[in-house]
Amino acid sequence: MPTYKLTYFNARARAELCRFVFAQAGVEYEDYRITDASPGNPGTTWPELKPKTPFGKIPVLEVDGEMLGGSTGIARFLAERFGLAGSNDIENAKIWGAIDAANDLWEKMVRANFEKDEKRKEEMMKTFRETAVPQALKYFEQLASSNGAPEGWLFGTKVTYADLELYIVVADYLLKQVPTLLDSYPTLAKLKTSVEQLPNIAKWLKERPETQY
(Lines give C-alpha, C1' and ligand atoms only; values in the text may rest on other atoms or scores of the structure.)
Protein backbone atom coordinates (compact mmCIF):
# COMPACT_ATOMS: atom_id res chain seq x y z
CA MET A 1 0.00 0.00 0.00
CA PRO A 2 1.38 3.42 -0.92
CA THR A 3 1.88 5.94 1.87
CA TYR A 4 0.87 9.57 1.42
CA LYS A 5 1.89 12.71 3.30
CA LEU A 6 0.31 16.05 2.36
CA THR A 7 2.12 19.10 3.73
CA TYR A 8 0.59 22.57 3.90
CA PHE A 9 -0.10 25.36 6.37
CA ASN A 10 -2.92 25.03 8.89
CA ALA A 11 -5.36 26.41 6.34
CA ARG A 12 -7.72 25.18 3.65
CA ALA A 13 -6.80 27.38 0.67
CA ARG A 14 -4.63 25.54 -1.88
CA ALA A 15 -4.59 22.17 -0.11
CA GLU A 16 -8.29 21.63 0.55
CA LEU A 17 -9.08 20.07 -2.81
CA CYS A 18 -6.41 17.42 -2.17
CA ARG A 19 -7.92 16.75 1.26
CA PHE A 20 -11.40 16.44 -0.28
CA VAL A 21 -10.10 13.94 -2.85
CA PHE A 22 -8.47 11.85 -0.13
CA ALA A 23 -11.67 12.02 1.91
CA GLN A 24 -14.00 11.02 -0.92
CA ALA A 25 -11.67 8.21 -1.99
CA GLY A 26 -11.49 6.91 1.59
CA VAL A 27 -7.69 6.76 1.41
CA GLU A 28 -5.61 7.30 4.52
CA TYR A 29 -2.87 9.94 4.46
CA GLU A 30 -0.90 12.16 6.81
CA ASP A 31 -2.37 15.66 6.85
CA TYR A 32 0.75 17.50 8.02
CA ARG A 33 0.14 21.16 8.87
CA ILE A 34 3.11 23.46 9.28
CA THR A 35 3.20 25.90 12.14
CA ASP A 36 6.02 28.19 13.16
CA ALA A 37 5.20 27.65 16.80
CA SER A 38 7.58 24.75 17.35
CA PRO A 39 11.13 26.21 17.28
CA GLY A 40 13.90 23.72 17.75
CA ASN A 41 11.93 20.92 16.08
CA PRO A 42 13.86 20.46 12.80
CA GLY A 43 11.80 20.37 9.64
CA THR A 44 8.58 21.63 11.17
CA THR A 45 8.74 25.29 10.16
CA TRP A 46 8.21 26.77 6.69
CA PRO A 47 11.66 28.43 6.40
CA GLU A 48 13.25 25.04 7.11
CA LEU A 49 11.04 23.15 4.68
CA LYS A 50 10.91 25.65 1.80
CA PRO A 51 14.30 24.86 0.21
CA LYS A 52 13.43 21.16 0.22
CA THR A 53 10.24 21.57 -1.83
CA PRO A 54 10.16 21.16 -5.65
CA PHE A 55 9.20 24.78 -6.40
CA GLY A 56 9.74 26.52 -3.07
CA LYS A 57 5.99 26.34 -2.47
CA ILE A 58 3.41 24.22 -0.74
CA PRO A 59 1.33 22.10 -0.74
CA VAL A 60 3.59 19.17 -1.47
CA LEU A 61 2.64 15.51 -1.52
CA GLU A 62 5.04 12.73 -0.63
CA VAL A 63 4.16 9.35 -2.16
CA ASP A 64 6.36 6.61 -0.78
CA GLY A 65 9.05 9.25 -0.24
CA GLU A 66 8.72 10.85 -3.70
CA MET A 67 7.83 14.55 -3.36
CA LEU A 68 5.34 16.13 -5.77
CA GLY A 69 4.62 19.86 -6.00
CA GLY A 70 1.90 22.13 -7.39
CA SER A 71 -1.57 22.11 -5.87
CA THR A 72 -3.52 21.44 -9.06
CA GLY A 73 -0.99 18.88 -10.25
CA ILE A 74 -1.26 17.01 -6.96
CA ALA A 75 -5.06 17.09 -7.05
CA ARG A 76 -5.06 15.82 -10.63
CA PHE A 77 -2.66 13.01 -9.74
CA LEU A 78 -4.81 11.93 -6.80
CA ALA A 79 -8.10 12.21 -8.71
CA GLU A 80 -6.80 10.09 -11.57
CA ARG A 81 -5.36 7.53 -9.16
CA PHE A 82 -8.54 7.30 -7.06
CA GLY A 83 -11.19 7.37 -9.80
CA LEU A 84 -12.38 10.96 -9.39
CA ALA A 85 -11.22 12.21 -12.79
CA GLY A 86 -13.08 12.09 -16.10
CA SER A 87 -14.05 9.01 -18.08
CA ASN A 88 -11.91 9.92 -21.13
CA ASP A 89 -9.26 12.38 -22.24
CA ILE A 90 -11.76 14.92 -23.62
CA GLU A 91 -13.72 14.95 -20.36
CA ASN A 92 -10.46 15.29 -18.43
CA ALA A 93 -9.49 18.31 -20.51
CA LYS A 94 -12.88 19.88 -19.77
CA ILE A 95 -12.40 19.18 -16.06
CA TRP A 96 -8.99 20.88 -16.09
CA GLY A 97 -10.58 23.93 -17.74
CA ALA A 98 -13.33 24.07 -15.11
CA ILE A 99 -10.83 23.78 -12.28
CA ASP A 100 -8.75 26.56 -13.83
CA ALA A 101 -11.87 28.75 -13.94
CA ALA A 102 -12.70 28.01 -10.30
CA ASN A 103 -9.10 28.66 -9.25
CA ASP A 104 -9.08 31.92 -11.17
CA LEU A 105 -12.17 33.09 -9.30
CA TRP A 106 -10.63 32.13 -5.96
CA GLU A 107 -7.36 33.90 -6.76
CA LYS A 108 -9.20 37.11 -7.68
CA MET A 109 -10.87 37.00 -4.28
CA VAL A 110 -7.55 36.40 -2.51
CA ARG A 111 -5.83 39.25 -4.33
CA ALA A 112 -8.66 41.60 -3.38
CA ASN A 113 -8.72 40.47 0.25
CA PHE A 114 -4.99 40.96 0.69
CA GLU A 115 -4.75 44.31 -1.11
CA LYS A 116 -3.15 46.75 1.33
CA ASP A 117 -4.42 49.97 -0.22
CA GLU A 118 -7.94 50.32 1.20
CA LYS A 119 -9.33 52.31 -1.74
CA ARG A 120 -7.89 49.86 -4.24
CA LYS A 121 -9.16 46.95 -2.14
CA GLU A 122 -12.69 48.33 -2.15
CA GLU A 123 -12.59 48.72 -5.94
CA MET A 124 -11.23 45.20 -6.42
CA MET A 125 -13.86 43.67 -4.13
CA LYS A 126 -16.63 45.56 -5.94
CA THR A 127 -15.42 44.25 -9.30
CA PHE A 128 -15.10 40.76 -7.86
CA ARG A 129 -18.62 40.69 -6.42
CA GLU A 130 -20.40 42.46 -9.25
CA THR A 131 -18.53 41.09 -12.28
CA ALA A 132 -16.24 38.13 -11.64
CA VAL A 133 -18.60 36.09 -9.45
CA PRO A 134 -21.72 36.38 -11.64
CA GLN A 135 -19.74 35.64 -14.80
CA ALA A 136 -18.13 32.54 -13.32
CA LEU A 137 -21.26 31.17 -11.66
CA LYS A 138 -23.30 31.72 -14.82
CA TYR A 139 -20.75 29.62 -16.70
CA PHE A 140 -20.82 26.86 -14.10
CA GLU A 141 -24.62 26.90 -13.89
CA GLN A 142 -24.86 26.44 -17.66
CA LEU A 143 -22.24 23.69 -17.55
CA ALA A 144 -24.01 21.73 -14.81
CA SER A 145 -27.46 22.29 -16.31
CA SER A 146 -26.40 21.11 -19.78
CA ASN A 147 -24.75 18.02 -18.30
CA GLY A 148 -28.15 16.99 -16.95
CA ALA A 149 -27.02 14.88 -13.99
CA PRO A 150 -29.77 14.85 -11.33
CA GLU A 151 -27.13 15.55 -8.67
CA GLY A 152 -25.94 18.67 -10.49
CA TRP A 153 -22.52 17.25 -11.40
CA LEU A 154 -20.52 19.29 -13.88
CA PHE A 155 -19.42 16.31 -15.98
CA GLY A 156 -20.77 12.83 -16.53
CA THR A 157 -22.87 10.84 -14.10
CA LYS A 158 -20.55 10.72 -11.08
CA VAL A 159 -18.78 13.18 -8.86
CA THR A 160 -15.38 14.38 -10.07
CA TYR A 161 -12.78 16.55 -8.46
CA ALA A 162 -14.11 19.48 -10.49
CA ASP A 163 -17.33 19.27 -8.45
CA LEU A 164 -15.30 19.18 -5.25
CA GLU A 165 -13.22 22.20 -6.27
CA LEU A 166 -16.27 24.25 -7.16
CA TYR A 167 -17.91 23.26 -3.87
CA ILE A 168 -14.88 24.47 -1.91
CA VAL A 169 -14.77 27.84 -3.66
CA VAL A 170 -18.51 28.38 -3.25
CA ALA A 171 -19.14 26.95 0.21
CA ASP A 172 -15.91 27.83 1.98
CA TYR A 173 -15.58 31.34 0.57
CA LEU A 174 -18.34 32.86 -1.57
CA LEU A 175 -21.34 31.86 0.53
CA LYS A 176 -19.70 33.25 3.63
CA GLN A 177 -19.78 36.66 1.95
CA VAL A 178 -23.24 36.33 0.36
CA PRO A 179 -25.34 33.54 1.96
CA THR A 180 -28.10 33.83 -0.66
CA LEU A 181 -25.70 33.65 -3.59
CA LEU A 182 -26.96 30.32 -4.98
CA ASP A 183 -30.60 31.43 -5.07
CA SER A 184 -30.01 32.43 -8.69
CA TYR A 185 -28.15 29.23 -9.58
CA PRO A 186 -30.43 26.25 -8.84
CA THR A 187 -28.26 23.58 -10.45
CA LEU A 188 -25.23 24.73 -8.47
CA ALA A 189 -27.34 24.69 -5.33
CA LYS A 190 -28.18 21.08 -6.17
CA LEU A 191 -24.48 20.31 -6.70
CA LYS A 192 -23.64 21.79 -3.31
CA THR A 193 -26.25 19.63 -1.59
CA SER A 194 -25.09 16.54 -3.48
CA VAL A 195 -21.48 17.05 -2.40
CA GLU A 196 -22.53 17.52 1.22
CA GLN A 197 -24.55 14.31 1.08
CA LEU A 198 -21.60 12.17 0.00
CA PRO A 199 -20.94 10.13 3.17
CA ASN A 200 -17.16 10.49 3.10
CA ILE A 201 -17.35 14.23 2.41
CA ALA A 202 -19.98 14.72 5.12
CA LYS A 203 -17.59 13.03 7.55
CA TRP A 204 -14.70 15.28 6.49
CA LEU A 205 -16.81 18.43 6.76
CA LYS A 206 -17.72 17.44 10.30
CA GLU A 207 -14.19 16.51 11.38
CA ARG A 208 -11.89 18.96 9.56
CA PRO A 209 -10.21 21.67 11.63
CA GLU A 210 -11.65 25.18 11.71
CA THR A 211 -9.11 27.56 10.19
CA GLN A 212 -8.94 31.26 9.36
CA TYR A 213 -8.48 30.68 5.63
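The values are calculated or read from the model by the stated rules, or taken from the named source; none is laboratory data. Keep in mind it's a predicted model, so treat the numbers as computed, not measured. All Cβ positions, glycine included, derive from the backbone under ideal geometry; neighbour counts span all protein chains shown. Areas reflect the complete protein model, heavy atoms only, side chains present, ligands, DNA and RNA absent. Shrake-Rupley method; radii C 1.70, N 1.55, O 1.52, S 1.80 Å.
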Setting aside same-chain residues fewer than 8 positions from LYS158, which lysines have a Cα under 16 Å from its Cα?
LYS94, LYS190, LYS192
For the range 67-193, give the percent of accessible area contributed by carbon and sulfur heavy atoms, probe 1.4 Å, rounded to a whole number.
52
Counting only heavy atoms of the protein chains, get the accessible area per residue of the range 82-162 (1.4 Å probe) and round it to a whole Å² value.
56
With every protein chain left in place, what is the accessible area of SER71 in Å² (1.4 Å probe, nearest 10)?
30
Ranking by accessible area, most exposed first, for PHE140, PHE114 with a 1.4 Å probe:
PHE114, PHE140
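Going by accessible area, probe 1.4 Å, with all protein chains left in place, what is the ranking of GLU151, GLU122, largest first?
Final ranking, largest accessible area leading: GLU122, GLU151.
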Two-site FRET efficiency, THR35 against LEU175, from Cβ-Cβ distance with R₀ of 25 Å, rounded to 0.05:
0.35
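Can you quote the Å³ per residue value for the convex hull of the Cα atoms in the chain, rounded to an integer? Display every interim value, and only then the final one.
Values: hull volume 29.5 nm³, N = 213.
That works out to 138 Å³ per residue.
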Pull up all non-local amide H partners of ASN10: gap of 5 or more, or a different chain, and H-to-H distance under 5 Å with H placed in the peptide plane.
ILE34
Net charge, ARG76 excluded, C-beta distance under 14 Å - Lys, Arg +1, Asp, Glu -1:
-2
LEU68's amide H: which non-local residues (gap 5+, or another chain) put their own amide H closer than 5 Å, with H modeled 1.01 Å from N in plane and none for Pro or chain starts?
LEU61, GLU62, VAL63
Full-extension gain in nm, PHE82 to GLU122, via 0.36 nm per residue minus C-alpha separation:
10.2 nm
Per principal axis, descending, Cα span of the range 111-158 in whole Å:
45, 17, 11
